[in-house]
Amino acid sequence: MADASFDIEAGVDKQEVDNAINQAAREVGTRFDFKDTDTSIEWSGDEAIKVESASEDRVDAALEVLKDKCVKRKVSLKALDIGEPKDVSGGRSRVDISLVSELPADLAKTIVKDIKATKLKVTPTNMGDRIRVVGKKRDDLQEIQAMVKAKDHDAPLRFTNYK
């Protein structure tokens, strides 16, 4: 029987993020407290989101709407790297948000070390942008997944390529 394996990666489903952005923009466009503030939530490039409004408190409120929509779409808030509010032309405020899409090297080393410390018969391999875990028993791999989820790391981890 062939060995079973899975990958540990950082990142989120971009389609779900896009859906959350569209829902948040629709809600901001129809809510009374955003009337006449010209508030917008939209993509700003491939891996960035821009939230802009007439004042800093409206930007914060729009940001909360976006976070709420992300949670409902099961997008981890750890995937959103939220910048500081900035003043732009005409007294408007803007917040830039970037998506976390790569596994930090120090976190990858920590996860590999934690997996080896379990003494289960699995082999973790750091492949730069992901960690591949290979083992003979699927139960061992599921135990590793549960252990990694329980650690609550500071990155949006997901498990892919489960074979």
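Give me the pairs, please: first residue somewhere in the range 111-124 and in a loop (DSSP other than H, G, I, E, B), second residue anywhere and open to solvent by 70 Å² or more (accessible area, probe 1.4 Å) and among the acidic types (Asp, Glu), beta-carbon distance under 7 Å, and either six or more positions apart or on two chains.
Hits for this filter: Leu120/Glu143.
When you scan the range 132-163, how many residues do you find that are under 12 Å from Ile111 (Cβ atoms), part of a loop (DSSP other than H, G, I, E, B) and either touching a Pro at 6+ places or on another chain (Cβ under 6 Å) or open to solvent by less than 60 Å² (accessible area, probe 1.4 Å) (or both)?
Qualifying residue count, the range 132-163: 2.
Given the criteria of a type outside the set (A, V, I, L, M, F, W, C) and over 13 Å from the mean Cα position of the chain (by Cα), does Ser40 qualify?
For Ser40, the condition - of a type outside the set (A, V, I, L, M, F, W, C) and over 13 Å from the mean Cα position of the chain (by Cα) - is met.
Taking Asp33 as the residue in question, decide whether it is among the acidic types (Asp, Glu), surrounded by fewer than 14 Cβ atoms within 10 Å (Cβ to Cβ) and assigned to a helix (DSSP H, G or I).
In short, yes.
Filter the range 39-88 down to residues that are free of Cβ contacts under 8 Å to residues at least 24 places away in the same chain, open to solvent by 70 Å² or more (accessible area, probe 1.4 Å) and assigned to a loop (DSSP other than H, G, I, E, B), then give me how many there are.
Adding up the residues that qualify gives 2.
Six or more apart or on different chains, Cβ under 6 Å: which pairs go from a residue in the range 1-30 that's touching a residue at least 60 places away in the same chain (Cβ under 8 Å) and surrounded by 14 or more Cβ atoms within 10 Å (Cβ to Cβ) to one that's of a type in the set (Ser, Thr, Tyr) and not in a strand (DSSP E or B)? Could you list them?
Phe6/Tyr162; Gly11/Ser101
Residue by residue through the range 104-127, note down the ones that are open to solvent by less than 30 Å² (accessible area, probe 1.4 Å) and of a type outside the set (A, V, I, L, M).
Pro124
The values are calculated or read from the model by the stated rules, or taken from the named source; none is laboratory data. Values in this document were obtained by computation on a predicted structure and should not be read as measured data. We place every Cβ from the backbone using ideal geometry, glycine too, and count neighbours over all the protein chains shown. SASA here: full protein model, heavy atoms, side chains in, ligands and nucleic acids out. Shrake-Rupley method; radii C 1.70, N 1.55, O 1.52, S 1.80 Å.
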